[in-house]
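Report on one structure; see the data block that follows.
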Amino acid sequence: MATTYDLSTDVGKVRLALGDTGSGGAWVFTDEEVTYFLEQGSIVKAHIAALQALLTAKSYRIKYANVQGVIYSDTQQISAIKAALAMLGGDMPTLTVTKAGSQPWELRHFAEGGS
């Protein structure tokens with residue numbers, strides 16, 4: 001799986017936004033994964049999708065450990081990812097109300113004796 005960093009491409013632009021620039025030979029996502037995130041429709045939406053994936057991956061690990069005085073904690077990192085998502089608007093679902101009042105299915109439900 002390829003990993004490239006070229007700012008003339010959308011993959012490179014998403015990598016820059018994520019800080020996934022291969023510094024020290026370490027990559028977070030492959031080009032294929034970043035390309036998948038780009039299917040969301042824009043660089044910002046790809047950035048949000050990547051941060052959500054990163055946050056999900058981090059949720060599978062221990063967040064805090066103290067073994068013989070050596071402390072590991074990634075709670076600050078998780079907080080930073082959440083803050084970035086909030087800044088980009090990726091932490092809140094969008095709800096659009098197109099019609100106020102009872103919906104037809106609600107009226108049928110209650111007419112049929114539902115509570």
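The calculated FRET efficiency for the pair Q40 and R61, based on their C-beta separation and a Förster distance of 25 Å, comes to about 0.50. Couplings 3J(HN,Hα) for the stretch 74-85, derived from phi with the Karplus relation 6.51 cos²θ - 1.76 cosθ + 1.60 (θ = phi - 60°), are 10, 5, 5, 5, 5, 4, 5, 5, 4, 5, 5, 4 Hz, where x marks Gly and Pro. Label L16 and A86 with points 7 Å out from Cα along Cα→Cβ: what is the distance between them in nm? For L16 paired with A86, the spin-label model returns 2.7 nm. Per-residue 3J(HN,Hα) values for the stretch 64-71, derived from phi via the Karplus relation 6.51 cos²θ - 1.76 cosθ + 1.60 with θ = phi - 60°, read 8, 8, 10, 10, 6, x, 8, 9 Hz in sequence order (x marks Gly and Pro). Of all aspartates and glutamates in the structure, those lying under 15 Å Cα to Cα from K82, and not within fewer than 8 positions of it along the same chain, are D74, D91. A cut-off under 11 angstrom between Cβ atoms defines the neighbours of F29, and their net charge, with Lys, Arg +1 and Asp, Glu -1, is -3.
Taken together, the values in this text are just the output of simple stated rules run on the coordinates, not laboratory data. Please read these numbers as outputs of a predicted model, since none were measured by experiment. When we count neighbours, we look across all protein chains shown, and the Cβ atoms used for this are built from the backbone with ideal geometry, even at glycine.
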